[in-house]
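Each remark here refers to the structure printed beneath this line.
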Amino acid sequence: MAVLDKLTSQEAIELENKHGAHNYHPLPVVLSRGEGVYVWDVEGKKYYDFLSAYSAVNQGHCHPKIVDAMTNQAKTLSLTSRAFYNDMLGRYEKFATEYFGFDKLLPMNTGAEAVETALKIARKWAYEVKGIDENKAEIIVCENNFHGRTTTIISFSNDPVARKNFGPYTKGFHKIEYDNLQQLQETLESSNNIAAFLVEPIQGEAGVYVPSDGYLAAAKKMCADHNVLFIADEVQTGIARTGRLLATCGNCSCPEKNCSGTPEVKPDVLILGKALSGGAYPVSAVLANDSVMSVIRPGNHGSTFGGNPIAAAVAMAALEVVTDEKLAINADKLGKIFRAELTEFCKNNHLVESVRGKGLLNAILINDSEDSSTAWDICIKLRDNGLLAKPTHGNIIRFAPPLVMTEEELMDCISIIKKTISEF
Ligand SMILES: *Cc1c(COP(=O)(O)O)cnc(C)c1O
């Protein structure tokens, strides 16, 4: 078989099963093309994408402006390493720091790398600025967090599947309940060695848990009172997904202004990934002000691909699309319609217990046990009816379409979802 012969879905699945490590359990659908809110399988069937590669494809599949930026840069200069300067990185750093309102940006590739980077920055800041004794720094994290898959990150996960038999684990983390300010207060008071609090503004992988109103602002204030860094992991919630440029923006008027400089809760350290490239390329970043970022000096940290010219060109184009196409406003508007329609539907349907979320990061809770296959079976039927979504944690289905969706397309999707669930 030639490498580029056309494959059937069955053949493609068999190849992965036979030759690939089994570290995922994909929905059985084999995609070969994407455009905007749509993807097509190898047999030519068209689907609405309701996962958006875990919110990496907020700008829609193969956005022409992002693809142009990427291909033009790929033909010009792809990689220099940071051993030399390139003429794209500084441009991108100026653009992105002004866009998000921070002094400095540290470029990486994947979300997990950016989280690792933020943890390293926080520890170094703790020793060199806060004055914690060497090797004593502690970082507060939340139960049911998801921050990626590295050895350190899974050390403070409480998902047994992600953790078991990957020890010994990295020390120095305190786990508290999400959305629990009292535990945060107690933990901050329990030790003088706390460097940082790492939190997702909405817990995406855990099942789209939205914290109480005011939680993030109050948590940030508690951290500030204890001279502890507030680190927001906005890898999934950031870049317009929740109807704001960042989920930490609260209810400020940032959809219009894209909130540069005026977020309701300004993190000390902001972690971005996924949609920072619109899904075209792995691009992640850590942003912080000089008082924090200046602890990083030559040789302390790095990445061969981090900040490469293609990544810089792609990220600038991807962020411009978010502003030009007012994606935060659209996500806010469509999200309200989606939740209103499905909340109404829940009232007369015994299978859907509730719907929750913000902007276009939403989930429905299926009225069945966590180890039942109902949510998976519904996703298979949704696939048959032309819409792709995936269960997270057994009985929860996340719905996160690209933010370039129109209201008409959303209404079509809502009717597919209602029809499919009604058939159960
Ligand atoms: C996806 C995700 C990550 C990890 O990103 P990768 O690019 O998969 O390493 C980290 N944090 C959050 C909140 C995420 O959703």
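Here the Karplus curve 6.51 cos²θ - 1.76 cosθ + 1.60, taken at θ = phi - 60°, turns the phi angles of the range 337-342 into couplings of 5, 4, 5, 5, 5, 6 Hz, with x standing for Gly and Pro.
For the set H63, H301, solvent exposure ranked by accessible area (probe 1.4 Å, protein chains only) runs largest to smallest as H301, H63. Under the convention that each Lys and Arg Cβ holds +1 and each Asp and Glu Cβ holds -1, the size of the dipole of the chain around its Cα centre is about 600 debye.
Selection among F399, I140, G335 by position relative to the dipole of the chain gives I140 as farthest towards the positive end (Cβ unit charges, Cα centre).
Ranking L31, W125, S55 by how far each Cα lies toward the positive end of the dipole of the range 1-151 (charges on Cβ) leaves W125 at the top. D by Stokes-Einstein for the range 281-337, Kirkwood Rh over Cα pairs, 37 °C, 0.692 mPa s: 231 µm²/s.
In the chain, the calculated helix contribution to ellipticity at 222 nm averages -11000 deg cm²/dmol per residue, counting -39,500 (n - 2.57) for every DSSP H run with n ≥ 4. If the segment from Q185 to D225 were pulled out straight at 0.36 nm per residue, it would be longer than the present Cα-Cα gap by 13.4 nm. Relative to one another, the C-alpha centroids of the range 111-158 and the range 344-383 are positioned 34 Å apart. Summed over the residues of the chain and divided among them, the accessible surface reaches 45 Å² per residue at a probe radius of 1.4 Å. In a reduced charge model with +1 at each Lys and Arg Cβ and -1 at each Asp and Glu Cβ, the range 219-359 shows a dipole moment near 200 debye about its Cα centre.
Pairwise Cα distances in the range 137-252 exceed 25 Å in 22 percent of cases. Using 0.36 nm per residue and subtracting the Cα-Cα separation, the extra length available between E11 and N165 on full extension is 52.2 nm.
If a spin label sat at a point 7 angstrom from the Cα of Y24 along the line to its beta carbon, the backbone N atoms of the range 145-164 nearer than 19 Å would be those of 146-150, 161-163. Exposure check, 1.4 Å probe, all protein chains in place: I337 carries approximately 40 Å² of accessible surface. Listed by chain and number, the lysines whose C-alpha is less than 18 Å from the C-alpha of K171, apart from same-chain residues fewer than 8 away, are K120, K124, K136. By DSSP, the beta bridges lying fully in the chain are antiparallel in about 65 percent of cases.
Between E177 and S291, the FRET efficiency from the beta-carbon distance, with R0 = 41 Å, is close to 0.85.
Along the axis of the charge dipole computed for the chain (Cβ charges of +1 for Lys and Arg, -1 for Asp and Glu, origin at the Cα centre), the listed residues N362, A224, A206 are led at the positive end by A224.
Within the accessible area of the range 65-324, the carbon and sulfur atoms contribute 50%, probe 1.4 Å, all protein chains present.
Take the Cα radius of gyration of the range 1-115 and divide it by 2.2 N^0.38 Å, N being the number of residues; the result is 1.39. Can you give the FRET efficiency for K45 and L351, using 1/(1 + (r/R0)^6), R0 = 25 Å, r = Cβ-Cβ distance, to the nearest 0.05? Calculated value: 0.45. Rg over Rh for the chain works out to 0.96, both radii taken from alpha-carbon positions and Rh defined as the Kirkwood radius. Note that the range 70-78 has calculated 3J(HN,Hα) couplings of 5, 5, 4, 5, 4, 7, 9, 6, 9 Hz, one per residue in order, obtained from phi through the Karplus relation 6.51 cos²θ - 1.76 cosθ + 1.60 (θ = phi - 60°); glycine and proline are x.
Across the range 349-361, computed HN-Hα scalar couplings (Karplus, 6.51 cos²θ - 1.76 cosθ + 1.60, θ = phi - 60°) run 10, 6, 7, 9, 7, 7, 10, 8, x, 8, x, 9, 10 Hz from first to last residue, x flagging Gly and Pro.
The values are calculated or read from the model by the stated rules, or taken from the named source; none is laboratory data. Everything numeric in this text was worked out from a predicted model, so none of it was measured. Note that each Cβ is placed from the backbone with ideal geometry, even for glycine, and that neighbours are counted across all protein chains shown. These area figures cover heavy atoms from the full protein model, side chains too; ligands, DNA and RNA do not enter into them. Shrake-Rupley method; radii C 1.70, N 1.55, O 1.52, S 1.80 Å.
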